[in-house]
Amino acid sequence: MFEDSGSPEENIMRIEFKKAVATVALTGAIALGGGAVAQAAPDRERIPDVIGMSQSAAIAALEDAGFDNVTVNYDRPDARVIGLNFPVGVKVSENAEIKVIVIGD
């Protein structure tokens with residue numbers, strides 16, 4: 001089915017290149033579609049909609065939802081939430097690290 005089309009060194013380079021491409025593709029899929037993967041897992045908690053809330057209110061809402069591993073990119077309680085590392089509404093493990101992205105007012 002497959003024929004040897006080069007020296008052993010060329011074949012090794014071809015295999016390593018394919019591994020690198022697969023790694024980059026997987027990393028991109030996780031980064032862009034991680035929420036879809038997380039959604040499929042049973043017995044998880046939903047990410048509440050905290051976009052637009054103050055940092056302190058968002059952390060409280062996430063903790064009330066059952067998440068105890070919440071981190072923030074900018075530690076200022078009056079800053080506004082502009083995003084999360086998971087899409088709002090997806091189900092993720094209560095142990096998952098939830099990254100809150102805020103911007104100062």
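No lab work stands behind these numbers, since they all come straight from the coordinates. Since the model is a prediction, treat every value here as computed from it, not as a measurement. Positions of Cβ are generated from backbone atoms using ideal geometry, with glycine treated the same way; all protein chains shown enter the neighbour counts.
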Self-check item: Long-range amide H partners of residue 98 with built H, under 5 Å
Solution: 69, 70, 71
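Once fully extended, how much extra length lies between residue 73 and residue 44, figured as 0.36 nm per residue of separation less the alpha-carbon to alpha-carbon distance?
Using 0.36 nm per residue and subtracting the Cα-Cα distance, I get 8.0 nm.
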Self-check item: Label-point separation in nm, residue 94 to residue 82, each point 7 Å along Cα→Cβ
Solution: 3.3
